[in-house]
Amino acid sequence: QLCRRPSGLSMAAVRSPRATPGTKPPTPSGGGWFDVGGKERIELASRNEALGEEVRLKEAQLRMLRVLQKTSAREGRIDRWRLQTTAPVFSAWRRAVTAWRAERQLEAERAARAAAMSAAEEKGGQVGALADRVARVKSNAQAKLSELSAANQLLAKALEEKDKAAVSLEARVKHLQRTAGAQGEREVELSLKLEQQADALAQGERERQRLEAAAAAARRESDAQREAGSAAVANEAAAAMALRTTLGALRAADSELQVARGELAAERGLSVRLAARVEGLEAEAAEKEEKLEAALLLEMGQREELERQNQVMLDELSNYELLGRRHTHEVRMFEGEVELARDELREAQRQNEQLQQGSAGMEELLQRLARAEIDFHSRRLEAPPAEQTTRQAKATHDLWNRRGRETNPGVMEGGLTVEGRALTRVAWLYFRQASEVLRQRRAAAEASTRRASGLGSGGGPNLELLRLEYQSLVSAANMTRKLDEEAAVAEYSEIQTSAVLLEHAGADEGLRKVLSEARRHLAKAEEMQREAQARHTLAHSLPSAPSSRALRASSVAEPRLPGPLSLTLSPLRPGAIGLAHEAGKASYRVGLESAALSRVAEHGLAAFGRITPLHPVAAGEGAWAAAAPAEATLFAWAFPLAGARGTGLVPQSDEERFVVFGGFVYFDGLSRVCGVRAASPGVGLAFDGPNSLLDELSHGARVREVLLERGLCNPASLPSLRDCGVDEHWWLAPGQQIADEDGSAWPHGAFVCLYAEPSAHLDCFFACRPPS
């Protein structure tokens, strides 16, 4: 349509040369040409010039359409090549998405297992706290009992002393009473003596009076008879002498009477004092008896209160023991579940490692494809970035910026996955390429301006392209922040310290926004870096709890090699213990509610245990094969129930021996349990060994590593192994290949015994002997 011929215009007129004012128009060769005054000629020349301009415009439009068609065809070829090239990428993405979903499922399982492990640890902490509380209650009860015993002893001693004091007091009272009686008798005696002396004194007085009367009479008679002679004088002198003698005797009797009266008064005072003292002692004895009775009543009350408190503490202690056994049972169940979860976690980790290896290859493939796409597009451009026009450079920038936004996985809940990290790195490549295109264009424009001006410096850069360039750099730094905060901080710092950006940010609002955005993202990256450092410091500052394996190893004085191993196999019915096994599972379950396992449930064992993979039963492989039921086609070794180690349960029946020591389980062709043989120490299934893993095998150390890495280990429960320090053990099926060993060392099966790390050189195995 653009090339359609204008109406009323011949091709000769269209192709005629351009007419300019002042030039002579061509003279037509044919007749019929009339030019009157030149007016028509000028008008025709004007029309011809206008038509020529229109033709040139149409030709320019035609050339532009052809260029557009070529560009469209080229972009179509690029899109087809891109589709062909990125088809493997999409396939890899599909596989990566599938792997990502599997990884999310594994992460959910790991979270569930971590929750189970934390619950088990919490239960363990509760059991430990309960055990501490029970110990404190026991110690308090013992202290109360000891205090009660000491109080009883003190009370008995006090009672004995009080009895002695009462006896002594009673004896003293009796002595005082006897003393008072003796004093009374003496007083009576002195009174009688005093009365006698008084009578004697009265008689002497009467005799004195009589003598005085006789003397008076004698004096009168003497006066009358003075002259009677010398005989009368002598008689008078004798009478006077007798009178003086009598008077001296009277004075002596009077003095004795006064002394007796003083002694009587002293004895009476002493008797009064003794009587008062006896009364005081009797009152003190009565008071002491009252206090003793009150002390006895108080002691009886305290004894009854202590007995009541002791009974309460005993009841509480029994409740705590029941609760402790229940918690122990729960902890053992959790430990068993945790062991199973650890096995599944190890398997998941192994699969995750394989997935990460594949993801690393996928990440490298995606980066190679992105670089190949960038290189291909750069080679297909009509001019390198430095020689492109502004429009072409902006179009190329928009292409890579769009590819970066399409590839960016965005914010993922729970952090970046393996696929997310790979896509983030590819998006970083696209954003950096978008910025690099504009940087090269800006550098080329500045060099061209300097050459044109000849002054060594040119005009300023295109601010719009400069803003797009640094926006792409900020986007690339955002991708880096998802992968490494420290590297992102360096990229943001480089952006905000750019001399070009700082120089022109004051003149353009868009550049100021870019600079502000870079500073905001820098602050966020620094905060994330500080949080990561704080988490790292906190993780390294927390004390690590000792592992159960280290605790088990520390309970043995000195690990050593075990003695010869021999097991007795006893048949039992699977239904008696409710044994069940689901095909493909690494565990089995029993019914603890069955009568045969009632003692097992009381000791807190879990209702499940581990079981090895099923292995075909071949005739003549061992005593375990000879003991297999006729319908058995597969067998496996069942380990003891979870929590059996250290439970203290002494098995008394074959059912209890199976859940405490383990045994062989046999399956029919449909993988149904058809027989069970309980194992116990004794004569029957004999083994050769112990054989050193390091000495007897070429790759013994690798066998240990593989068993531990895959979780193929279970706590040793046989006393002969546990007492020697064996930490873990595992059953290897006949001829089972493991690590780099072909299984020729155990053609009939074997038990591998592993020690804790300090005694790993004692690792050994017991190879099953062939049937005799």
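Points to keep in mind about this one:
- Residue within segment 756-765 that is touching a helix residue (DSSP H, G or I) at 6+ places or on another chain (Cβ under 8 Å) and among the aliphatic types (A, V, I, L, M) present: yes
- Filter result for the condition that a residue is within 30 Å of N310 (Cβ to Cβ), part of a helix (DSSP H, G or I) and not hydroxyl-bearing (S, T, Y), over R110, R41, R77, R136: R136
- Test: residue in segment 536-548 that is at pLDDT below 75, within 30 Å of P719 (Cα to Cα) and of a type in the set (A, V, I, L, M, F, W, C): yes
- Every condition in (1) hydrophobic (A, V, I, L, M, F, W, C); (2) farther than 26 Å from L340 by Cβ; (3) out of contact with any strand residue (DSSP E or B) (no Cβ under 9 Å at 6 or more places or on another chain) is met by C768 except one, and the failing one is (3).
- For the condition surrounded by fewer than 17 Cβ atoms within 10 Å (Cβ to Cβ), at pLDDT below 85, charged (D, E, K, R) and touching a helix residue (DSSP H, G or I) at 6+ places or on another chain (Cβ under 8 Å), E526 does not qualify.
- When each of A252, A240 is tested for being at pLDDT below 75 and either under 60 Å from the mean Cα position of the chain (by Cα) or farther than 30 Å from A143 by Cβ (or both), the lone residue that passes is A240.
- A count restricted to segment 76-88 and to residues that are closer than 20 Å to T396 by Cβ and open to solvent by less than 100 Å² (accessible area, probe 1.4 Å) stands at 7.
- Among the residues here, A129 qualifies as loosely packed, with under 12 Cβ neighbours inside 10 Å and among the hydrophobic types (A, V, I, L, M, F, W, C).
- Only one entry of P562, P613, P651, P640 meets the criterion of being at negative phi and assigned to a strand (DSSP E or B), and that entry is P640.
- Which numbered condition V36 fails, given (1) of a type in the set (A, V, I, L, M); (2) open to solvent by less than 70 Å² (accessible area, probe 1.4 Å); (3) modelled with pLDDT under 85: (2)
- Residues of segment 354-370 satisfying the condition of being touching a helix residue (DSSP H, G or I) at 6+ places or on another chain (Cβ under 7 Å), open to solvent by 30 Å² or more (accessible area, probe 1.4 Å) and modelled with pLDDT of 75 or more: L365, Q367, L369
- On the stretch given as segment 297-314, residues that are more than 14 Å from E147 (Cα to Cα) and touching a residue at least 12 places away in the same chain (Cβ under 8 Å) total 2.
- Looking across segment 579-593, the residues that are open to solvent by 40 Å² or more (accessible area, probe 1.4 Å) and outside any strand (DSSP E or B) come down to E582, A583, G584, K585, A586, E593.
- Residue within segment 655-664 that is over 18 Å from L721 (Cβ atoms), open to solvent by less than 10 Å² (accessible area, probe 1.4 Å) and part of a strand (DSSP E or B) present: no
- Unmet requirement for V703, which otherwise passes all of (1) open to solvent by less than 10 Å² (accessible area, probe 1.4 Å); (2) among the aliphatic types (A, V, I, L, M); (3) under 23 Å from Y588 (Cβ atoms): (3)
- Only a single criterion out of (1) among the aliphatic types (A, V, I, L, M); (2) surrounded by fewer than 18 Cβ atoms within 10 Å (Cβ to Cβ); (3) at pLDDT 80 or above is not satisfied by V437, namely (2).
- Filtered by the rule that a residue be open to solvent by 30 Å² or more (accessible area, probe 1.4 Å) and either touching a Lys or Arg at 6+ places or on another chain (Cβ under 9 Å) or closer than 30 Å to D315 by Cα (or both), segment 98-118 gives a lone residue, M117.
- All told, L65 falls short of being of a type in the set (A, V, I, L, M) and either under 28 Å from A370 (Cβ atoms) or open to solvent by less than 50 Å² (accessible area, probe 1.4 Å) (or both).
- A residue that is among the β-branched types (V, I, T), over 38 Å from the mean Cα position of the chain (by Cα), crowded, with 16+ Cβ neighbours inside 10 Å and modelled with pLDDT of 90 or more can be found somewhere in segment 669-685.
- Only one of L605, L567 that is of a type in the set (A, V, I, L, M, F, W, C), out of contact with any Asp or Glu (no Cβ under 8 Å at 6 or more places or on another chain) and closer than 29 Å to E347 by Cα: L605
The values are calculated or read from the model by the stated rules, or taken from the named source; none is laboratory data. Predicted model only: the values in this text are computed from it and were never measured. Virtual Cβ from ideal backbone geometry, glycine too; neighbours counted across all protein chains shown. The protein model used for the area step is the full one, side chains on, heavy atoms only, and it has no ligands, DNA or RNA in it. Shrake-Rupley method; radii C 1.70, N 1.55, O 1.52, S 1.80 Å.
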